[in-house]
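Enquirer: Take a look at the following structure, please.
The values are calculated or read from the model by the stated rules, or taken from the named source; none is laboratory data. Just so it is clear, the structure is predicted and the values come from calculations on it, not from any experiment. Positions of Cβ are generated from backbone atoms using ideal geometry, with glycine treated the same way; all protein chains shown enter the neighbour counts.
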Amino acid sequence: MDLLLSSYAQEDSPTHGSSDPDSSPTRIPLPSKSAAPNVDDTMLSLTVSGQAHSQVHKPLDPTQHVVSFNPTYDQLWTPIVGPAHPYAKDGLAQGLRNHKLGFVENASIEPFVFDEQYNTYYKFGYAADPSENRYVGDVVGFEKNDGITVYNIPQHEQKKRKLEKKKEMMEESDQVVDAVEVQNPASETWLMNNRKSPWAGKKEWVQGELTEEQKKYAEEHAKKKAEKEGVEKEKGESHLDKSTFHGKEEKDYQGRSWIAPPKDAKASNDHCYIPKKLVHTWSGHTKGVSAIRFFPRHGHLILSAGMDTKVKIWDVFNSGKCMRTYMGHNKAVRDIYFTNDGTKFLSAGYDKNIKYWDTETGQVISTFSTGKIPYVVRLNPDDDKQNILLAGMSDKKIVQWDMNSGQITQEYDQHLGAVNTITFVDDNRRFVTSSDDKSLRVWEFGIPVVIKYISEPHMHSMPAISLHPNKNWLACQSLDNQILIYSTRERFQLNKKKRFAGHIVAGYACQVNFSPDGRFVMSGDGEGRCWFWDWKSCKVFRTLKCHDGVCIGSEWHPLEQSKVATCGWDGLIKYWD
């Protein structure tokens, strides 16, 4: 409408009255026969010496709500001069600046800057205006304080305030001393015997002779202190790494070590059978047994980790007695693991230490620690990588050491909870870890990047995992009282056809295991029973009442295919046939 009126006015009246462009806009009346509308003629200018009219483009201020003149169509839709809009497609945001729907520019201020100016205003009465380079409020106070804010006090001002505060404290303390001395005649004696009091330095006091009662107290205190230091010293010495051999002799008449496997130790048959009766019980731990491990490949010895801080190794084939006790931890031992040849083993304790022992001599070869509790320790199963130690820690990390140098060579830090298991798969090129965060993660060995992340809403924490003898499946002890099976191939999928249930393991990291031929799955439970399932049918084959309390560990003998060892929190290790 305005454009039509403007063109009408220009044609109807060749001469126009001048008006101030900055003045308030005037309402343009409808054209009539007697009068032409008032139009702002600043858009038109006459050149000197009678030259033709030339139209000058007046810039249009986009912030004005009311236009004081009649702009042309080109002026209304002229793009804004300046840099292109970074998030606009094809520059549409610039063209739509004067759109009828409006245009809003984002403006923000950092929370710290806002708090600084807000508190400064209420403290000093002035603050910076973020939209313009000026201050608002008490300008005089701004000049007097040199523009300081509550978070930016000059150094000389800080020093001045400290001196004033110190002076006030000294005056107050002097007043307190005077008041005490007036009210309490014995205050000088009290100050003399308590020179570390807040006002002890106000006057010079001379220490007098001790009374009989004070001398007696000092002697008793010194005696108690000496006794305490002696007890701590004995306690520290008792936790030095040491070992005790309980057998008859460490070497036989042929010079063979006591850990050497017997020559006749061979597999009796190819098929495994479920044990039926108890044949032997090892008792020597004063507290519960948390883990057991047979000697690799032969099983003539069995290693046990006790909550009484000790690790023991027992004879299986001959005497059935404890052969050696390893004492080095000062808290319960959580996990143990043999090297491939059995000559050395690892132990992880709640004292945050991982110890590497010589099985035969009982010497500690080295100790590793990150200051966190190791929940699981494993060696790389490759024979040429037996010096590489992996430990799942309570601080959500899997830490990798080179035991030759003692240095941490890698950290795998992706879990959201304590790491419970480490299981090597795929010819030891990868390993699977489980955690309290209810997930499984698959890693490439040596590369701290998760290549497979398994987490479903129905999943529970899986604190014990075992590899099937054919190395194609993982049995995972889930805390919702079932054993789940995952494939170890590329996709690591859950095998929904295989699910083993019936036992009660909620809250316990009961070890799950396979028979050497892979026909049976075995697991302890929280009620002291040991369960056996058929691998193909997933049906319960047999249950044995093994322990009073939790049956936490179970191991199938590697050679004698019908024999099984179990351990529990009753401190016993039992051997079944």
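Enquirer: When you scan region 454-470, how many residues do you find that are within 18 Å of the chain's Cα centre (by Cα) and without any contact (Cβ under 8 Å) to a residue 24 or more places away in the chain?
Expert: Qualifying residue count, region 454-470: 1.
Enquirer: Could you give me the residue pairs with C-beta distances under 6 Å whose first residue belongs to region 250-264 and is under 15 Å from THR361 (Cα atoms) and modelled with pLDDT of 85 or more, whose second residue is assigned to a loop (DSSP other than H, G, I, E, B) and of a type in the set (D, E, K, R) wherever it lies, and which are 6+ apart or on separate chains?
Expert: SER257/GLU360; TRP258/GLU250; ILE259/GLU360
Enquirer: Output the number of the condition that CYS510 fails; it satisfies all remaining conditions of (1) touching a residue at least 40 places away in the same chain (Cβ under 8 Å); (2) within 17 Å of TRP282 (Cα to Cα); (3) out of contact with any Leu (no Cβ under 9 Å at 6 or more places or on another chain).
Expert: (2)
Enquirer: Please state which of the following conditions ALA506 fails to meet, knowing it meets all the rest: (1) of a type in the set (Gly, Ala, Ser); (2) surrounded by 15 or more Cβ atoms within 10 Å (Cβ to Cβ); (3) not in a strand (DSSP E or B).
Expert: Here ALA506 clears every test but (2).
Enquirer: Still on this model: Can you tell me which residue in region 229-249 is modelled with the highest pLDDT, limited to those that are in a loop (DSSP other than H, G, I, E, B) and over 35 Å from the mean Cα position of the chain (by Cα)?
Expert: Of region 229-249, the ones in a loop (DSSP other than H, G, I, E, B) are 239-241, 246-249.
Filter once more, keeping what is over 35 Å from the mean Cα position of the chain (by Cα): 246-249.
Details: HIS246: 90, GLY247: 86, LYS248: 85, GLU249: 86.
Checking each candidate, the answer is HIS246.
Enquirer: Looking at VAL512, is it surrounded by 21 or more Cβ atoms within 10 Å (Cβ to Cβ) and at negative phi? First the steps, then the outcome.
Expert: Working: surrounded by 21 or more Cβ atoms within 10 Å (Cβ to Cβ): yes; at negative phi: yes.
For VAL512, the condition - surrounded by 21 or more Cβ atoms within 10 Å (Cβ to Cβ) and at negative phi - is met.
Enquirer: Right, next: Among the residues in region 364-372, are any touching a residue at least 12 places away in the same chain (Cβ under 8 Å), touching a His at 6+ places or on another chain (Cβ under 9 Å) and on the phi < 0 side of the Ramachandran plot? Break it down stepwise before answering.
Expert: Just the residues of region 364-372 that are touching a residue at least 12 places away in the same chain (Cβ under 8 Å), to begin with: 364-372.
Retained after the next criterion (residues that are touching a His at 6+ places or on another chain (Cβ under 9 Å)): none.
Within region 364-372, not a single residue is touching a residue at least 12 places away in the same chain (Cβ under 8 Å), touching a His at 6+ places or on another chain (Cβ under 9 Å) and on the phi < 0 side of the Ramachandran plot.
Enquirer: Given the structure, is CYS551 out of contact with any Cys (no Cβ under 7 Å at 6 or more places or on another chain) and within 24 Å of LYS321 (Cβ to Cβ)?
Expert: Values: out of contact with any Cys (no Cβ under 7 Å at 6 or more places or on another chain): no; within 24 Å of LYS321 (Cβ to Cβ): yes.
Against the criterion (out of contact with any Cys (no Cβ under 7 Å at 6 or more places or on another chain) and within 24 Å of LYS321 (Cβ to Cβ)), CYS551 does not qualify.
Enquirer: Pick out the one residue from THR343, THR359 that is crowded, with 18+ Cβ neighbours inside 10 Å, in contact (Cβ under 8 Å) with a residue 24 or more places away in the chain and on the phi < 0 side of the Ramachandran plot.
Expert: Details: THR343 fails: crowded, with 18+ Cβ neighbours inside 10 Å.
Exactly one of THR343, THR359 is crowded, with 18+ Cβ neighbours inside 10 Å, in contact (Cβ under 8 Å) with a residue 24 or more places away in the chain and on the phi < 0 side of the Ramachandran plot, namely THR359.
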